[in-house]
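Novice: First the structure, which I've put down as structure tokens, then a few questions once you've had a look.
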Amino acid sequence: MRQMVKGIQSIAFRESPYLVSSASVAGKKEGEGPLGKMFDMVETEDLFGENTWEEAESTMQKEACQRAMGKAHIEAADVRYLFGGDLLRQGTATSGGVKELGIPMFGLFGACSTSGEALALAAMSVAAGYGGMMLAVTSSHFGSAEKEFRFPLGYANQRPLSAQWTVTGSAAFLVGTRRSHVRITGVTVGKIVDYGLKDSQNMGACMAPAACDTILRNMKDFGRTPDDYNRIVTGDLGYVGQSILFDLMRGKECDIKKNHMDCGMTIFDQKTQDTHAGGSGCGCAATTLSAYILPKIERGEWNRVLFVPTGALMSTVSYNEGSSVPGIAHGIVLEHC
């Protein structure tokens with residue numbers, strides 16, 4: 001039997017799971033951006049009918065899960081396991097959002113890389129035969145993230161130009177054995193990379209080294225070059241992080257500039273929406289994948305994409321104690337079929 005282990009950090013699935021369906025839910029600012037018409041749901045009121053930002057984020061997750069299942073015409077009882085996470089302490093947005101679904105779940109934390117972590121684990125579980133349908137979901141909310149990691153919105157604090165705007169959004173993905181036009185053919189599990197940076201308002205710089213490490217490892221493990229991918233998509237490095245990533249990659253004699261895309265640079269219009277260095281948050285990469293990237297793969301416009309969401313692994317405690325902000329990035333290989 002052929003082993004699925006590929007290289008040092010990767011897996012090439014013997015029978016690749018399908019990405020059966022997905023759904024995206026976004027807030028008002030995201031709906032006003034370049035991808036606004038592509039989201040499945042755009043709410044004009046960022047509390048989503050709830051009383052707190054945290055409850056609003058849970059509502060987004062529940063809505064995304066229900067819409068993804070609705071597209072696939074299945075019920076929650078048909079889903080074997082759910083892999084989900086968010087940016088808040090103890091994953092409260094996820095637990096509040098999925099509790100009514102009654103699906104056995106694994107709570108995850110990979111910061112803004114959580115969509116990649118969830119997709120990797122869902123695909124690995126399907127490929128291993130642990131179930132025929134898995135659900136991966138993640139979210140972020142500008143209001144809850146500001147309150148958690150920086151200052152409540154009422155403080156009206158100043159944001160440096162290197163700062164990014166946390167996306168208010170959630171996306172859910174069904175991964176299973178049912179045929180579709182997109183398969184997850186491999187994953188590269190990232191490792192923690194820490195360059196000692198401590199500026200939480202410059203997360204692009206903190207995450208770029210991890211993105212570089214995972215992209216290079218993916219190509220080495222699979223024996224590929226940048227030209228083997230129609231797009232190499234990072235999660236939310238933003239304008240600052242992308243520039244650093246290009247420099248790091250060129251230092252390794254690998255140029256990805258011509259086919260690189262960053263979700264944080266795609267979801268907002270930098271000229272008109274005042275998001276400084278771009279978008280960030282778990283919902284940034286997830287909603288962009290669901291609304292923009294997957295349809296292109298489904299239509300065959302892109303045949304192979306390396307999706308690399310990135311995460312800055314910090315907490316309010318680690319930041320206040322002066323710790324560095326390490327990064328992590330997971331690679332998901334998506335192919336048209």
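Where a number appears in this text, it was derived from the coordinates with a stated rule and is not lab data. Computed from a prediction, not measured in an experiment: that's the story for all the values here. Quick reminder, even Gly has a Cβ in these numbers, built from the backbone with ideal geometry, and neighbours come from all protein chains shown.
Novice: When the Cα centres of region 299-326 and region 170-188 are compared, how far apart do they sit, in Å?
Specialist: 20
Novice: Can I ask one more? When DSSP assigns beta bridges and you keep just the ones with both residues in the chain, what percent turn out antiparallel, to the nearest 5?
Specialist: Here the share of antiparallel DSSP bridges comes out near 65 percent.
Novice: Mind checking which of 91, 31, 283 has the largest fluctuation in a GNM of the chain, springs on alpha carbons under 10 Å?
Specialist: 91
Novice: Follow-up. With each run of n ≥ 4 DSSP H residues scored as -39500 (n - 2.57), what mean residue ellipticity at 222 nm is computed for the chain after dividing by its residue count and rounding to the nearest 500 deg cm²/dmol?
Specialist: Helices in the chain give a 222 nm mean residue ellipticity of -9500 deg cm²/dmol.
Novice: Please report 181, 73 as a ranked list, fewest other C-beta atoms within 10 angstrom at the top and most at the bottom.
Specialist: 73, 181
Novice: Mind grabbing the base-10 log of I(q)/I(0) for the chain at q = 0.13 Å⁻¹? Debye formula, identical points on the C-alpha positions, no solvent, two decimal places.
Specialist: Taking Cα atoms of the chain as identical point scatterers yields -0.88.
Novice: For region 1-153, what is the per residue volume of the convex hull drawn over the alpha-carbon atoms, in cubic angstrom?
Specialist: About 134 Å³ per residue, rounded to a whole number.
Novice: Between residue 47 and residue 28, what length comes free when the chain is fully extended (0.36 nm per residue of separation minus the Cα-Cα distance, one decimal in nm)?
Specialist: 5.8 nm
Novice: Right, here's the next one. Return an integer: the convex hull volume of the alpha-carbon atoms of region 176-229, in Å³ per residue.
Specialist: 138
Novice: Please report Rg over Rh for region 1-61, where both radii come from the alpha carbon positions and Rh follows the Kirkwood definition. Before the final figure, lay out each step's value.
Specialist: Details: Rg = 18.7 Å, Rh = 14.7 Å.
Ratio of gyration radius to Kirkwood radius: 1.27.
Novice: How long are the semi-axes of the ellipsoid equivalent to region 210-337, from square roots of 5 times the Cα gyration tensor eigenvalues, in whole Å, largest first?
Specialist: The answer is 24, 19, 14 Å, longest axis first.
Novice: Give the aspartates and glutamates whose C-alpha is closer than 13 Å to that of residue 71, dropping any in the same chain fewer than 8 places away, or say none.
Specialist: List returned: 40, 63.
Novice: Let me ask another. In the chain, if the dipole is taken from +1 on Lys/Arg beta carbons and -1 on Asp/Glu beta carbons about the Cα centre, which of 128, 242, 176 is farthest to the positive end?
Specialist: Towards the positive end, the residue furthest out is 128.
Novice: Now, a different point. Mind putting a number on the dipole of region 182-336 about its Cα centre? Charges go on the C-beta only, +1 for Lys and Arg and -1 for Asp and Glu, and I need it in Debye to the nearest 20.
Specialist: 340
Novice: How many angstrom lie between the C-alpha centres of region 67-133 and region 207-249?
Specialist: One Cα centre to the other: 26 Å.
Novice: Which percent of Cα pairs goes in each bin when the distances of region 262-325 are cut into 10 angstrom slices starting at zero?
Specialist: 19, 36, 30, 12, 3
Novice: Of the cross-linked pairs 37/252; 62/258; 37/258; 62/271; 29/258, which ones have a Cα-Cα span greater than 31 Å in the structure shown?
Specialist: Pairs exceeding the cut-off: 37/252; 62/258; 62/271.
Novice: Further, regarding this structure: For a quick check, take a GNM of the chain with Cα springs below 10 Å and name the residue from 33, 97, 327 with the largest mean-square fluctuation.
Specialist: 33
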